[in-house]
Ligand SMILES: [Zn+2]
C-alpha cells in the first residue's frame, strides 16, 4: 500500500470487507474493518486512565504534610472516581486506609 491513505477505501487484497482506515485523532492508518476503532488511540486512552488511577490512588502530595482539608477533598475525589468507574470501591478504601495508617504511625 502506498500513501496518501483515504479512510474507507476498499482493500479487498487484505480480506473480505477490509478497508483503509485513517484515524481522525492521531496519525495512524491501517487496514481493517470499517467500524474498527484506532488501536493506538485505545492504547493511549488506556495509559491515560492508568495514569489518572495512579495519581488518584498515590497522589504525590500525600507524602507531604497534607492538611485535613486536602485529605477530605482527596477522599471526595476518590468517591467520585468510584462512581465514574475509574477505580473500584475496594481500591479507594485501601488507599484511604494506607494514608490513615501512615498518619497514625507518624503521630506516635
Ligand atoms: Zn488514533
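The values are calculated or read from the model by the stated rules, or taken from the named source; none is laboratory data. The structure presented is a predicted model; accordingly, all values stated were derived computationally and were not measured. Because the Cβ atoms are built from the backbone with ideal geometry, glycine has one as well, and the counts that use them run over all protein chains shown.
Laid out as a table, the results:
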| quantity | calculated |
| --- | --- |
| Among (1) more than 23 Å from residue 102 (Cβ to Cβ); (2) assigned to a loop (DSSP other than H, G, I, E, B) - the single one residue 44 does not satisfy | (2) |
| Count of region 35-52 residues which are touching a strand residue (DSSP E or B) at 6+ places or on another chain (Cβ under 8 Å) and at pLDDT 95 or above | 2 |
| Odd one out for residue 96, checked against (1) within 16 Å of the chain's Cα centre (by Cα); (2) surrounded by 14 or more Cβ atoms within 10 Å (Cβ to Cβ) | (1) |
| Unique match (being free of Cβ contacts under 8 Å to residues at least 12 places away in the same chain and away from the ligand (no atom under 16 Å from the Cβ)) among 90, 79 | 90 |
| So residue 56, is it away from the ligand (no atom under 16 Å from the Cβ), modelled with pLDDT under 90 and either in a helix (DSSP H, G or I) or farther than 30 Å from residue 98 by Cα (or both) | no |
| Top-ranked residue in region 25-36 [being loosely packed, with under 13 Cβ neighbours inside 10 Å and either part of a helix (DSSP H, G or I) or free of Cβ contacts under 8 Å to residues at least 12 places away in the same chain (or both); ranked as farthest from the ligand (Cβ to nearest atom)] | 35 |
| Of all residues in region 12-24 being under 23 Å from residue 44 (Cβ atoms) and in a loop (DSSP other than H, G, I, E, B), the one that is farthest from the ligand (Cβ to nearest atom) | 24 |
| Residue match in region 39-48 (condition: within 16 Å of the ligand (Cβ to nearest atom) and touching a helix residue (DSSP H, G or I) at 6+ places or on another chain (Cβ under 8 Å)) | no |
